[in-house]
1. Can you tell me which condition A262 does not meet? The list is (1) within 16 Å of the ligand (Cβ to nearest atom); (2) assigned by TED's automatic domain parsing to the domain that holds E396, and all the others hold.
2. Given the structure, is A412 in a loop (DSSP other than H, G, I, E, B) and either free of Cβ contacts under 8 Å to residues at least 12 places away in the same chain or at negative phi (or both)?
3. When only residues in the range 203-214 that are open to solvent by 10 Å² or more (accessible area, probe 1.4 Å) and part of a loop (DSSP other than H, G, I, E, B) count, which is nearest to the ligand (Cβ to nearest atom)?
4. Which one is farthest from the ligand (Cβ to nearest atom), of the residues in the range 181-195 that are open to solvent by 10 Å² or more (accessible area, probe 1.4 Å) and out of contact with any Ser or Thr (no Cβ under 8 Å at 6 or more places or on another chain)?
5. Residues to consider are T30, T49; find the one that is of a type in the set (S, T, Y) and either within 17 Å of A219 (Cβ to Cβ) or in contact with a helix residue (DSSP H, G or I) (Cβ under 8 Å, 6 or more places away or on another chain) (or both).
6. Answer with yes or no whether P158 is at pLDDT below 95, within 14 Å of the ligand (Cβ to nearest atom) and either within 26 Å of N233 (Cβ to Cβ) or in contact with a His (Cβ under 9 Å, 6 or more places away or on another chain) (or both).
7. Out of everything in the range 174-208 that is out of contact with any strand residue (DSSP E or B) (no Cβ under 6 Å at 6 or more places or on another chain) and β-branched (V, I, T), what residue ends up being farthest from G5 (Cα to Cα)?
8. Please name all residue pairs, on different chains or six or more residues apart, with Cβ atoms under 7 Å, provided the first residue is in the range 106-124 and is in a helix (DSSP H, G or I) and the second residue is more than 9 Å from the ligand (Cβ to nearest atom) and open to solvent by 50 Å² or more (accessible area, probe 1.4 Å).
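The values are calculated or read from the model by the stated rules, or taken from the named source; none is laboratory data. Everything quoted here is computed from the prediction, not taken from an experiment. Using ideal geometry, Cβ is built from the backbone for each residue, glycine included, and neighbour counts are taken over all protein chains shown. Ligands, DNA and RNA are excluded from the accessible area calculation, which covers all protein heavy atoms including side chains. Shrake-Rupley method; radii C 1.70, N 1.55, O 1.52, S 1.80 Å.
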Amino acid sequence: MKTKGFTADLVHADRIAGVEHGGLRQPIHTSVQYGFDRVEDLIGVFQGTKKGSFNYARQGTPTTAALEAKITRLEGGRGTVCFSTGMAAITAVFFTLLRAGDHLISSCYVFGNTNSLFGTLRSLGVEVTTVESGSIDEVAAAVRPNTRMVFVETIANPGTQIPDLEAIGALCRDKGLVYVVDNTVTSPALFKPKAVGASLVINSLTKTVSGHGAALGGAVTDTGEFPWQNYPNIAEVYRASNSADWGLLQVRKKGLRDMGGALSSEQAHQIGLGAETLSLRVAKSSENAQALAEYLEAHPAIQKVHYPGLPSHPQYEIAKKLFKSSSWLQSFELRNADRMLDVVNRLQLPIKATGLGDTRSLIIPVAPTIFWEAGAEVRKSMGIADGMVRFSVGIEEIEDLIADFEQALEGA
Ligand SMILES: *Cc1c(COP(=O)(O)O)cnc(C)c1O
């Protein structure tokens, strides 16, 4: 059976792939080792000639493979490798595909821990340049002979900046650069980075894909767009198979087998369950976010709302063109910044906590928490105002959210 719908495809994926006893979803495989009747088959698994078999759970289990297949379908990709967290997925991409002396260009608007990881990359001899990714001219001007990769986030957390995704895709194709797009905030429910020529797509499955704040996970999806036969950093041993598989094979072998950030079957199962309602949850939380952004922008106590669904947002047109909605992520600043902590404290419904893409609304002042270690200078370079509050909008009823803001902002 062929389905066109995002959710129909997702909720029937395991059953159609075939599960023992007619099960509707892949069970949780807890085995670490996988045994063989004939030693030749075991040898075949090690040498990559026996496909579709499992060996040792650090490289995957039938449960993580079922999740990988779902993410691949959602992203319209060629293959996916899952990791224990989104950061493990990002680390695997950088550390398995870049070498000392290579150059990486990144958007200056990225997740704080990704920015911190750039420091580690630099200490190991990889050059990293961060650029204003909304300007294709700035990105193009940063390209050097040793540039290998460009990294961006679809909607940046927490400032909601959007790169010139299509133009960067064209540039990467033209220059032969690996284009890595972190799709965490939009998720495949709102946007498939393959459409703008992404080579690899990152998803932190911890966020909106699993959606309930109950599991950690990450994924790297190869869209099939990048010609790996032209990439210099593929080890000889991985060049035996079809060249379309080389990039992801190296990410799996080096990033998962050697670096060890494996996703457990239990977490993969939890993420797969949560993902079944991805499109429904994102539709509701985005609708809430749009209404709340409009409410906040019109409120006299609010100085600025950062949300791509508002015409005041610098990349409003890009968001409208490329994304199904403007997502559940927004941030705002108060006119009277001194009242910020008081307003956050007065809110009853949103939980004062870090994290994103949950069923529940989560709120956090940015500068004194998630961007504290980065320091004032880095915050300024990443467009983070001291009074910025990040709001990850949940699926609660909008009337309750607005009523809560109404009372919290009173007199602010
Ligand atoms: C949270 C997040 C990550 C990291 O994901 P974890 O699963 O928490 O490691 C990466 N990128 C973005 C945009 C994120 O929001």
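1. All conditions pass for A262, except number (2).
2. On the way: in a loop (DSSP other than H, G, I, E, B): yes; either free of Cβ contacts under 8 Å to residues at least 12 places away in the same chain or at negative phi (or both): yes.
In short, yes.
3. Step by step, filter the range 203-214, then rank; the result is G213.
4. Out of the qualifying residues, it is A195.
5. Numbers: T49 fails: either within 17 Å of A219 (Cβ to Cβ) or in contact with a helix residue (DSSP H, G or I) (Cβ under 8 Å, 6 or more places away or on another chain) (or both).
Criteria check complete, one pass: T30.
6. On the way: at pLDDT below 95: yes; within 14 Å of the ligand (Cβ to nearest atom): yes; either within 26 Å of N233 (Cβ to Cβ) or in contact with a His (Cβ under 9 Å, 6 or more places away or on another chain) (or both): yes.
Yes; evaluated as a whole, the condition is true for this residue.
7. Step by step, filter the range 174-208, then rank; the result is T206.
8. What qualifies is G112/I370.
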